[in-house]
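The values are calculated or read from the model by the stated rules, or taken from the named source; none is laboratory data. Nothing here was measured: the structure is a model prediction, and the numbers come from that model. Here Cβ is always computed from backbone atoms with ideal geometry, including for glycine, and neighbour counts include all displayed protein chains.
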Amino acid sequence: MKKLTILGSTGSIGTQSLEVVKRFQDEFSVVGLSARRNIELLARQAAAFNAKTICILESELKDDLYALLSNKKIEILTGRQGLLDLAGRDDIDLLVNGLVGAAGMQPTINAVTAGVNVALSNKESLVMAGAVIQDLMAQHDVELFPIDSEHSAIWQCLRGEKSSQIRRLILTGSGGPFRTLPLSAFSSITKARALQHPNWNMGAKITIDSATMMNKGLEVIEAHWLFGLPADRIDIVVHPQSVIHSMVEFADGSVKAQLGVPDMKIPIQYALAYPDHLPADWERIDFVKIGSLQFEEPDLKKFPCIRLAYDALQTGGTLPAVLNVANDLAVTAFLEDKIGFTGIPEIIESVIDRHETVMNPSLEDIDLAAEWAYKKVQKLIKG
Ligand code: MG
């Protein structure tokens, strides 16, 4: 029986992780859950899965949450400190990190430091602190299991292979909702339009990241840390059907791909059940129905975020952390109607241009760079 704690349990990854747990009650049990503010759902989940500890990030909701659980013996933690405490406990086998944005980095670090394996959906953890996390993983003998569909695909393709024989990684991306939109129309893209992803059903932040294709850029950086290849051996190919989830090319020209219907439940279940492929009754891939698969080069003029992410990875040091924080805040500003769609890469570029990169950064250097980026972006947004 694998004991799990799920951070972000009321979000897209969290709820789907719990669906997996529900289907395989002999395989998994839930120890801890955390949510930002959805106390009704958190309370229902805690009761249904017999959680021992839950954490509510918005502390002022504690009393209401307590009232919902009055007759149950459940430990309730609150606030950022409660979340970090829950993430750092070693009474579990696997931490599922379904948090969104830079706030998800420290919980990953706390789990790794506690010697706990992490099923990682929060891509910002490795983008911001890849080297630090890698050192800690070696020190504490901990593994990361990627939940992202692309990294799950590469991870599956690499089982049984020698890493020295990989020639390159090929990350596929749908191209998002604006793949065929002319560049001249990008400045008038609305929030409602950007929130409609053609293939994947995800949270708001990652859906906007898919529309700007920063999502793919962050995934390149994440792939670098997960699989140890340099930026020039990680390519992106646009594949609108999202049937091939990513590929690996080996030294002899052989290419392995992992395919499936575009449903996050598959990579989530694999990360939880690794090394097993447990049975599931969801929709199967129908090649005849799909008919054909398309591939295109990503358009860096329409999607400058891809170039910014590659540049940040090439430079390294604190720059990817700054890129990530700038992106987090620019996306939030776009969702709050404070900036337009093309303002997102503009803000990121002007922040990373001004950053004095610290090489081989400590966690403290990364936190300082993130704080610096936060202030810079706030200033730019206010104008
Ligand atoms: Mg992905």
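Let's see how each residue does on (1) hydroxyl-bearing (Ser, Thr, Tyr); (2) surrounded by 16 or more Cβ atoms within 10 Å (Cβ to Cβ):
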{"residue": "His224", "(1), (2)": "no, yes"}
{"residue": "Pro230", "(1), (2)": "no, no"}
{"residue": "Val248", "(1), (2)": "no, yes"}
{"residue": "Ala251", "(1), (2)": "no, no"}
{"residue": "Ile266", "(1), (2)": "no, yes"}
{"residue": "Tyr270", "(1), (2)": "yes, yes"}
{"residue": "Pro275", "(1), (2)": "no, no"}
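Just to be sure, is Thr207 over 19 Å from Leu126 (Cβ atoms), at pLDDT below 95, of a type in the set (Ser, Thr, Tyr) and not assigned by TED's automatic domain parsing to the domain that holds Ser9?
Details: over 19 Å from Leu126 (Cβ atoms): yes; at pLDDT below 95: yes; of a type in the set (Ser, Thr, Tyr): yes; not assigned by TED's automatic domain parsing to the domain that holds Ser9: yes.
Here the answer is yes, as Thr207 does meet what is asked.
So which helices (runs of 4 or more DSSP H) are wholly in the range 1-85 and hold at least 3 residues that are within 17 Å of Val100 (Cα to Cα) and either in contact (Cβ under 8 Å) with a residue 60 or more places away in the chain or not assigned by TED's automatic domain parsing to the domain that holds Asn117 (or both)?
Values: elements: 12-23, 39-48, 62-68.
The qualifying helices (runs of 4 or more DSSP H) are 12-23.
Of all the residues that make up the range 333-367, how many are without any contact (Cβ under 8 Å) to a residue 12 or more places away in the chain and part of a helix (DSSP H, G or I)? If you could, list the steps in order and put the result at the bottom.
So the first thing to find is which residues in the range 333-367 are without any contact (Cβ under 8 Å) to a residue 12 or more places away in the chain, and the list is 336, 346, 353, 356, 364, 367.
Then keep just the ones that are part of a helix (DSSP H, G or I); that gives 346, 353, 364, 367.
Qualifying residue count, the range 333-367: 4.
Being under 25 Å from Leu319 (Cβ atoms), modelled with pLDDT under 95 and of a type in the set (Lys, Arg): is that true of Lys216 here?
Here the answer is no, as Lys216 does not meet what is asked.
Taking Pro304, is it of a type outside the set (D, E, K, R), loosely packed, with under 10 Cβ neighbours inside 10 Å and not assigned by TED's automatic domain parsing to the domain that holds Glu124? Break it down into steps so the answer makes sense when it comes.
Values: of a type outside the set (D, E, K, R): yes; loosely packed, with under 10 Cβ neighbours inside 10 Å: no; not assigned by TED's automatic domain parsing to the domain that holds Glu124: yes.
Against the criterion (of a type outside the set (D, E, K, R), loosely packed, with under 10 Cβ neighbours inside 10 Å and not assigned by TED's automatic domain parsing to the domain that holds Glu124), Pro304 does not qualify.
Enumerate the pairs (first residue in the range 146-172 and at pLDDT below 95; second residue anywhere and more than 14 Å from the ligand (Cβ to nearest atom)) with beta-carbon separation below 9 Å, excluding pairs fewer than 6 apart on the same chain, so at least 6 apart or on different chains.
Pairs that qualify, where the first residue is at pLDDT below 95 and the partner is more than 14 Å from the ligand (Cβ to nearest atom), are Ser163/Phe227; Ser163/Gly228; Ser163/Leu229.
Give the residues of the range 17-66 that are within 18 Å of Lys265 (Cα to Cα) and basic (Lys, Arg), sorted by residue number.
Answer for the range 17-66, where residues must be within 18 Å of Lys265 (Cα to Cα) and basic (Lys, Arg): Lys22, Arg23.
Given the structure, is Pro298 within 29 Å of Ala119 (Cβ to Cβ) and either surrounded by fewer than 10 Cβ atoms within 10 Å (Cβ to Cβ) or at pLDDT below 95 (or both)? Working first, answer last.
On the way: within 29 Å of Ala119 (Cβ to Cβ): yes; either surrounded by fewer than 10 Cβ atoms within 10 Å (Cβ to Cβ) or at pLDDT below 95 (or both): no.
No.
Is it fair to say Val261 is over 23 Å from Ile6 (Cβ atoms), among the hydrophobic types (A, V, I, L, M, F, W, C) and surrounded by fewer than 19 Cβ atoms within 10 Å (Cβ to Cβ)? Spell out how you get there, then give the answer.
Numbers: over 23 Å from Ile6 (Cβ atoms): yes; among the hydrophobic types (A, V, I, L, M, F, W, C): yes; surrounded by fewer than 19 Cβ atoms within 10 Å (Cβ to Cβ): yes.
For Val261, the condition - over 23 Å from Ile6 (Cβ atoms), among the hydrophobic types (A, V, I, L, M, F, W, C) and surrounded by fewer than 19 Cβ atoms within 10 Å (Cβ to Cβ) - is met.
Taking the range 86-100, which residues are free of Cβ contacts under 8 Å to residues at least 40 places away in the same chain and surrounded by 15 or more Cβ atoms within 10 Å (Cβ to Cβ)?
Taking the range 86-100 first, the residues free of Cβ contacts under 8 Å to residues at least 40 places away in the same chain are 88, 90.
Passing the criteria: only Gly88.
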